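To start, the structure itself, in structure tokens.
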Amino acid sequence: MFDIKYPKIMSFKDEYSFLSNFYKSDIVYDNVSYPTVEHFYQCNKMLNSKDFDILLNERNPGKVKRIARHKPMKNNWDDIKKSVMNIGVLNKFIQNIDIQNKLIDTYPSFLIECNTWHDNYWGHCTCKKCASQCHYNILGNILMEVRKGFIKTKN
């Protein structure tokens, strides 16, 4: 599936659940506290503060994602979504040293957000339907870039 010489982490579950955007890891950004990166990401999609508050006050990150699908989002979202995700992921690991160290410990593994829900932008869908599609694995790439920055800082 991947022609990479490094070990691969292909599931953000169990011992690697801390890599998931649904992982409980409070982050504070612009004086707002978010319980997960998923909350941060979905809240920052919102066009209005009422919907932002609805998402922020929902505790379940899966429900936050589902609710956000039915809300109006910022017009330029496609242009900024990658940078918003980068900010969320970076702050998650800056502000939570325990999982920052776990992220560093994944080196040199290639991080791949494998899924079965046809998300080939943020991850890599492993279903037959998606076999011939491009798999961008943007979340995995962001995680590896953040990890690289921490490793450089510690050396």
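What does the extension gain come out to for Asn31 and Glu15, with contour length at 0.36 nm per residue minus their alpha carbon separation?
Contour length minus the Cα-Cα distance gives 2.7 nm.
Using the 4.7 Å Cβ rule, please list in number order the cysteines from the chain without any candidate partner.
Cys43, Cys114, Cys127, Cys134
Just to check I understand the Karplus step: with θ = phi - 60° and J = 6.51 cos²θ - 1.76 cosθ + 1.60, what whole-Hz values come out for region 116-130, glycine and proline as x?
10, 10, 6, 9, 9, 7, 6, x, 9, 6, 9, 6, 4, 4, 9
Putting +1 on Lys and Arg Cβ atoms and -1 on Asp and Glu Cβ atoms, find which of Leu103, Thr153, Cys114 reaches farthest to the positive end of the dipole of the chain.
Cys114
Could you tell me the distance between the Cα centroids of region 123-155 and region 25-98, to the nearest Å?
Cα centres, region 123-155 to region 25-98: 19 Å.
Of all DSSP beta bridges located in the chain, what percent are antiparallel, nearest 5?
If I count the DSSP bridges inside the chain, around 50 percent turn out antiparallel.
Suppose the chain between Lys24 and Ile97 were pulled fully straight at 0.36 nm per residue; how much longer would it get relative to their current alpha carbon spacing?
24.9 nm
Quick note: the coordinates plus some simple rules give every number you see, no bench work behind them. These figures come from a predicted structure and were not determined experimentally. Don't worry about glycine lacking a Cβ; one is built from the backbone with ideal geometry, like all the others, and counts go over all protein chains shown.
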